[in-house]
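Here's the structure we're looking at; comments come further down.
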Amino acid sequence: MYEYIRGEIVAKSPTHVILDAGGIGYRMSISANAYEKLPPRGQSATVLVHLHVREDVLCLYGFVTQEERELFGRLTDVSGVGPKGALALLSGATPERLLTAVEEGDLAFLKSVKGVGEKIAKRIITELRADYPQLEAVVLHRGPAAGPVGDAVQALMQLGAKQVEATRAVKLAIEKTGPDASVEELLREALRAR
């Protein structure tokens, strides 16, 4: 129903933001990650929106990135994870980190989020793994970047690494070699890191 709301930030906290758009104040629940990315009070912002309908209540949830909104929607589809639980998960980690936890079956990480027990953590892993290729494409920006970085990621994937692992290894390699490194330098460092 709503795609986004653009307006001036009237109030902002780690749990919600209020935008004045056309003289109407919209209050949206947000994650701690969204809070950090939003500009300060008084500035203009565009917030992506998810409208959650519950019996007789309409709740707005706001996101700064499409990746976070996509993962929020998928998390709320998991039985036992409501909007508050999904926001707690997104406040505790980036979408990329959550996907890594799903891919690796990292129960300990998911259980470290307040309100997520072992049963729900297992359900999140099981249900999100079924949609992993689609989520990976959206959250990890539909494949590796172009240039030496993308070529290094592709080469690691051809050697058997999963995209998340290959991307992580190349990011670590960039930290050691610098952003202008060649494909060969990136691969050498990335293979050492694995």
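Please treat every number below as a calculation from the coordinates, not as lab data. Predicted, not measured: the structure shown is a model, and the values here were computed from it.
Rounded to the nearest 500, the 222 nm mean residue ellipticity of the chain from helices alone is -15500 deg cm²/dmol, with -39,500 (n - 2.57) taken per DSSP H run of at least 4 residues.
For the chain, what's the relative contact order in percent, using C-alpha pairs closer than 8 Å and at least 6 residues apart?
Reported as a whole number, the value is 13 percent.
Picking from G42, G85, G147, which is most flexible by a Gaussian network model of the chain using Cα springs under 10 Å? Judging by the Gaussian network model, the answer is G147. Too long at a 30 Å Cα-Cα cut-off: which of K12/K111; K37/K111; K111/K176; K84/K176; K119/K176; K84/K171? Beyond 30 Å: K111/K176; K84/K176; K119/K176; K84/K171.
On C-alpha positions alone, give me the angle between the axis of helix 183-193 and the longest principal axis of the chain, in degrees, nearest 10. So the helix axis and the longest Cα principal axis differ by about 80 degrees.
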